[in-house]
Every structure is written in C-alpha cells, then in structure tokens.
Amino acid sequence: MSVPGTTRTPLVGGLVAEGVSYVGTRISMIAIPWFVLPTTGSATQTGLVAAVEITPLVLFKALGGPLLDRVGPRRVTLVCDLLSALVVASIPLLHGLGMLSFPTLLVLVAVAGALRGPGDAGKAAMTPELARVAGWSLERVAGLAAAVERTSTMAGAALAGILVATVGATNALYVDAASFVVAFAVFAVATTGLGRPVPPEVGAHATSYATELRQGWQFLRTEPVLIALCAMVAMTNLVDQAYAAVLAPVWAKESGAGVAVLGTLFAVMSGASVLGALAAARWGETLPRFRTYVLAFLVAGAPRYVVMALDSPVWAVLAVTAVAGFAAGFLNPILGAVILERIPAPLLGRVSSLNTAICWSLMPLGGILGGLAVAGLGVSPALLVAGAVYLATTMAPTRVPSFRRMDRAPAAARPVSSGA
C-alpha cells in the first residue's frame, strides 16, 4: 500500500538506470583488457590501463563532492553519463581509424574513470531523496540497490563474455557506450525535479570549493561510526580484490579445480548475495543493525578463505561460498543506511563522495599484495592470512563502544561551519 503523496517512479527509474550503468561498467572491465592485450601484446600495459582508470575514479569521487552540492547530483550524473558515452565510444572509433596510440588510450581511459567517479557519487547521493519520495526506508532502498548492483554485475559479466566472443572487444565497447546513453535517458526522465543543488543558508557567507571540501572532511572525521566504517570497508575491499584477482584464480589452477569452477564460484557468490540483498530489502529494517552486521561479516568473510586453504572438496567450497554470499547480501543495505542517515543534507554530496573514495582507496593494492603473498607464502597460507585479516578488520569496530550507535538514529545534524 503506497503512502499518500509518494511516488515510486523516480526510485524505479533510478534503479533501472543504475542497473544499466553497472552492466556497461562490467562490459568495459572485461572488454578493455581483451582489447588492450591483443593490441599491445603486453600484460604490463594491460595492467597499466586498469590502474590508470581506477586512480582518477577514486580521486575525482573524493574531490567531486562539493560539485554535487553546488550543481545538484542529478545534473552531475546526467552530464557524466553523456560524456562517458562519448569518451568510451571514441576508443573503438579511433582504433578503427588507425588513430589510437597507447598514450591516447591511457588518456581516454583516465577521463572515463574521472567521469565515472562523480557520476556514480551523484546517483548514490540521491538515494535518501529517492527513498523519501517513494515513502520507503533507507534499508529497503539500499537493499534493492544492492540487489540491482549484484544482479547487473553478474549479467554484465556474462554479456561481456558473449559480446567479446561473438563481435569482438572493439564492438563490445560500443555497447558499453550505448549503455551510458540508455542510463542517461532513463535517469533524466524518471528523476525530473529531483536532485537539485543544496540551497545556501540564510545569511551564510560564500565559501570556496576548498573550504567545502574541508567541511566534508571535518564532518567525516568527527563521526566515529563513519570513520570506523570507512577504514573497515577500505581493508575488506583490498582483501576482496586480492581474492578475486589473485587468490581465487591461483587456487583454481593449483587445486586442479579449473577455470570452470572458478567461474561457478563467482557466480554462486553473486547469485547468493542477490538473494541476501532482496531479503535485506524485505526484512532489513526490522533487524538489529549491529548484531546483523557482526553475524553477516562472521559468515561472509573468513570461512570462504579457510575452506579453500584447507584443500576442501569443491562441493564444500561452493556450499560455504553460497552461505557467505547470502550473508554478504545483508551488509550493503545496513552499512549504506547507517552512512546516509548520519550525513546532514547540506553535506550529503561531499561527505558521501569522500566516504566512497576512502572505501575504494586501497583496491589498487589488492592484486599486488595478493600476488606478493602467494609468491612468498604459497596459496594456502596466503588464503589463511587473508581470512585472518578479514576477520580482524571486520570485528575490530566491535571493540569501539561508539560503533554500537549504528543501532540508533543519529542526533540532529550539527550546524555547518563556514570557517576555514
């Protein structure tokens, strides 16, 4: 039953646009390496392209927060999606014309990453408004968003494989560019009138961009719950990246499981997490956040590393991974709701952007450290170390008394100081 005065059209449109965007992102994540490697013949240059994309993504996500508040997250998202379509499409176009040098490719990939940072941040910054307009709780909307993300990522990976195999990586990039156009159109129509700039406070003095960035950081660092979450998620993202990029592939190779089992492992994790996210969307708002967080991370983290390290049968690895994936589906809805509800509306763009950038900041190191761990220790000890780090990281905030505040609604937002 809908609440009078509410409408779900913006929320549905936002979720559809985000899903299309995730599909396109997954296509590019697979198509670009398959485009670069045959073109250059260099694994080193292929890795460089990946690093060049993610670095500006994190940087501009962090620096773009005040822009979201000044211009409005909707406008930033639409401009970034439209420009992303042009930049991505120019890669195969220039290649077909014989005008794509490797330095030019690096520049285009870097620009694409830089646009994706504030574009993604703009969508995230509109979540509280979309939830309010729909008359739904943040937990429910965050659960649906997590389900859309995981489903779209899984579908995008499958579509990317089909496209690269049938029409080639070059043409797959055109599909990626088209996905930005579709996301732009859906988001533009569905969210009309929303995502406007933050109005200046009455009598407030004009502030510089640098000052607004500093205000976002000053708020973030004085919120114990938010800082604990940022540090924790940054470390878990690092370990997860090491797992996906190095530890799981090496385990599949050395155990004899093979690439088919590796693909099944990732599919099982993604599929189970979709079910978990849908369950969180349905019942998450009725669950105690802190206890659910602790239980979900205990199940989703260390066990899947340990079962692989112990040379367990494949069926056991898949079973543990399925349970871990279902538990993981509850995490983003809880963490997303806690983060978004604690940020005052005037600071939402800059603080949420900084938060996401910090969470992503260690990911470029994941593959490197995973490779070093396998080379120095072997895959089984490396998996045990990764599991131990995951466990210590996710349980450390439970030793901080203030972290239990995630179960309670935040106090009234503090006034925003315009001082330096």
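How big, on average over all directions, is the shadow cast by the Cα convex hull of region 279-407, in nm²?
9.3
Over region 40-161, what portion of Cα pair distances is larger than 16 Å, expressed as a whole percent?
70
How long are the three semi-axes of the equivalent ellipsoid for the chain, computed from the Cα gyration tensor as the root of 5 times each eigenvalue, in whole Å, largest first?
Those come to 32, 28, 21 Å.
Can you tell me which of Leu247, Leu377, Leu365 moves the most in a GNM of the chain? Springs connect C-alpha atoms under 10 Å apart.
Looking only at Leu247, Leu377, Leu365, the biggest GNM fluctuation is shown by Leu377.
Roughly speaking, what is the centre-to-centre gap between region 142-199 and region 238-315 when only Cα atoms are used, to the nearest Å?
Distance between centres, Cα-based: 24 Å.
Could you pull the accessible area for Tyr22 with a 1.4 Å probe, rounded to 10 Å²?
Its heavy atoms expose roughly 60 Å² to the probe.
For Met154, what accessible area in Å² do you get when you roll a 1.4 Å probe over the heavy atoms of the protein chains, rounding to the nearest 10?
That residue has around 70 Å² of solvent-accessible surface.
Give a residue-ordered list of calculated ³J(HN,Hα) values for region 340-348 (Karplus: 6.51 cos²θ - 1.76 cosθ + 1.60, θ = phi - 60°; whole Hz; x for Gly, Pro).
5, 6, 8, 9, x, 3, x, 10, 4
Using only the alpha carbon atoms of region 49-106, find the Kirkwood hydrodynamic radius as the inverse mean reciprocal pair distance, in angstroms to one decimal.
With all distinct Cα pairs of region 49-106 included, I get 13.1 Å.
Can you work out ³J(HN,Hα) from phi for every residue in region 148-160, in order, using Karplus 6.51 cos²θ - 1.76 cosθ + 1.60 and θ = phi - 60°, giving whole Hz and x for Gly and Pro?
5, 4, 6, 5, 5, 5, 5, 5, x, 5, 5, 5, 4
Could you tell me how many cubic angstrom of Cα convex hull volume region 253-311 has per residue?
Roughly 65 Å³ of hull volume per residue.
Give the share of C-alpha pairs in each 10 angstrom bin for region 330-381, from 0 to the last occupied bin, in whole percents, shortest bins first.
Calculated P(r), rounded to whole percents: 21, 32, 23, 18, 7.
Roughly how many debye, to the nearest 20, is the charge dipole of the chain about its Cα centre, given +1 on each Lys and Arg Cβ, -1 on each Asp and Glu Cβ, and no other charges?
The calculation lands at about 800 debye.
Go through Pro224, Thr192, Val71 and say which Cα lies farthest out towards the positive end of the charge dipole of the chain; charges sit on Cβ, +1 for Lys and Arg, -1 for Asp and Glu.
Selected residue: Pro224.
With the convex hull built on the Cα atoms of region 210-300, state its orientation-averaged projected area in nm².
Result: a mean projected hull area of 8.5 nm².
Once you keep just the Cα pairs under 8 angstrom separated by 6 or more residues, what percentage relative contact order results for the chain?
For the chain, the relative contact order is 27 percent.
Considering region 134-239, what Rg and Dmax in Å follow from its alpha-carbon atoms?
Just the Cα atoms of region 134-239 yield Rg and Dmax of 20.1, 61 Å.
Tell me the Kirkwood radius of region 209-253: reciprocal of the mean inverse pair distance over distinct alpha-carbon atoms, in Å.
Evaluated on region 209-253, it is 12.7 Å.
Considering only Gly371, Gly256, Gly195, give the residue with the highest GNM mean-square fluctuation for the chain, with springs between Cα atoms whenever their separation is below 10 Å.
Gly256
The values are calculated or read from the model by the stated rules, or taken from the named source; none is laboratory data. All values reported here derive from a predicted model rather than from experimental measurement. Reconstructed Cβ throughout: ideal geometry from the backbone, glycine too, with neighbour counts over all protein chains shown. For the accessible areas, the whole protein counts, side chains as well, though only heavy atoms, and no ligand, DNA or RNA atoms are used. Shrake-Rupley method; radii C 1.70, N 1.55, O 1.52, S 1.80 Å.
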